[in-house]
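The values are calculated or read from the model by the stated rules, or taken from the named source; none is laboratory data. Everything quoted here is computed from the prediction, not taken from an experiment. Quick reminder, even Gly has a Cβ in these numbers, built from the backbone with ideal geometry, and neighbours come from all protein chains shown.
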Amino acid sequence: MRKILVIGIGAGDPDHLTLQAVKAINSADVFFVLDKGEAKSDLVRLRHDILQQHAGQRPYRVVQAQDPDRDRTAPSSGYSPAVDDWRRRRADICERLIREELADGECGAFLVWGDPALYDSTLGILEDILDRGEVSFVHEVVPGISSVSALVAGHRTGLNQVGRPVQITTGRRLSEGFPSGVDDVVVMLDAHRTFSRFRDEDLHIYWGAYVGTPDEILISGRLSEVADRIETVRAEARTRKGWIMDTYLLRRVPAQGPEQVAPEGGAGG
């Protein structure tokens, strides 16, 4: 039986890998890498750097394939069909890689940015492949440090305030309005700088781009005071690198200030 490992490798720093992830890397025979093109070649290089640092001298193979493009111009009504089409084409590629590049009894691995369970398609795609019934394998998941964890650590703050919930959402969802009953909202996958729509509200922002990488940028402050700076820095970074990955935490400012976070020793996830 073939075996697939889905390994969370953190937000970009090779030191983000857990001991469990290092052990998993050292048990894999083949690593599957989906190349997103020249503009995002940094992401492929970082994966190779992680393997060179943590895979030791044992033999392994790296198999690359071109990641299919997704239609990012689709209107809101066409968002789900566009994502479904992209996932189907990605599943076609992954199925072929597993069938042709992984022999019975071998172990293959996908190195997933951040944590495989948080806004990543790999687990769903593997389930789709298994449902097709054309190739069989068992798979395991190794959790990783997400960009959310790395973001708040970089800003030296907590993810939630005392006794209050936190919500993780997307820029597309945030554009529908700030969630009710929530004081802390983490926003991912926001290509349209949706935070700017809330600059008139009493909010604090903790923003980060390329979190965990040598290009990391962190900016925090009252949204009304730093929104323009974030937009400028973000645009410059995107132009310089050709792509950007950013995440941010929006926090309603309580009467005593923005730093009323859970006390040390409290429950955590």
- line: Inside the stretch 48-65, the number of residues satisfying the requirement of being part of a helix (DSSP H, G or I) and either under 25 Å from Asp92 (Cβ atoms) or more than 17 Å from the chain's Cα centre (by Cα) (or both) is 6
- prompt: Would you pick out the residues in the stretch 210-228 that are outside any strand (DSSP E or B) and of a type in the set (S, T, N, Q)?
  reply: Thr213, Ser224
- prompt: When Ser175 is evaluated against the numbered criteria (1) surrounded by fewer than 16 Cβ atoms within 10 Å (Cβ to Cβ); (2) farther than 29 Å from Asp13 by Cβ; (3) in contact (Cβ under 8 Å) with a residue 60 or more places away in the chain, which criterion, by number, is the only one it fails?
  reply: (3)
task: Look at the stretch 1-47 and say how many of its residues are assigned to a helix (DSSP H, G or I) and within 18 Å of the chain's Cα centre (by Cα).
output: 13
- request: State whether one or more residues within the stretch 140-163 are at negative phi, modelled with pLDDT of 95 or more, out of contact with any Asp or Glu (no Cβ under 6 Å at 6 or more places or on another chain) and surrounded by fewer than 14 Cβ atoms within 10 Å (Cβ to Cβ).
  value: yes
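Can you tell me which residue in the stretch 179-209 is nearest to Arg47 (Cα to Cα), limited to those that are in a loop (DSSP other than H, G, I, E, B) and either touching a Ser or Thr at 6+ places or on another chain (Cβ under 6 Å) or at pLDDT 95 or above (or both)? Steps first, please.
Here is the first cut: in the stretch 179-209, the ones in a loop (DSSP other than H, G, I, E, B) are 179-183, 189-193, 199-202.
From what's left, either touching a Ser or Thr at 6+ places or on another chain (Cβ under 6 Å) or at pLDDT 95 or above (or both): 189, 199.
Values: Leu189: 21, Arg199: 37 Å.
My answer is Leu189.
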- line: Within the stretch 242-269, residues being in contact with a His (Cβ under 9 Å, 6 or more places away or on another chain) and modelled with pLDDT of 70 or more number 5
message: Whether any residue in the stretch 230-241 is closer than 29 Å to Ser180 by Cα, at pLDDT 95 or above and small (Gly, Ala, Ser) is what I want to check.
response: no
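The rows are residues; the columns are (1) among the aromatic types (Phe, Trp, Tyr); (2) under 16 Å from the mean Cα position of the chain (by Cα); (3) more than 19 Å from Arg199 (Cα to Cα).
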site: Val148; (1), (2), (3): no, yes, yes
site: Ala153; (1), (2), (3): no, yes, yes
site: Leu159; (1), (2), (3): no, no, yes
site: Val162; (1), (2), (3): no, no, yes
site: Arg173; (1), (2), (3): no, no, no
site: Ser180; (1), (2), (3): no, no, no
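Which is modelled with pLDDT of 90 or more, surrounded by fewer than 18 Cβ atoms within 10 Å (Cβ to Cβ) and either assigned to a helix (DSSP H, G or I) or more than 20 Å from the chain's Cα centre (by Cα) (or both), of Asp84, Asp128? It would help to see each step written out before you state the result.
Numbers: Asp84 fails: modelled with pLDDT of 90 or more.
Matching residue, one of Asp84, Asp128: Asp128.
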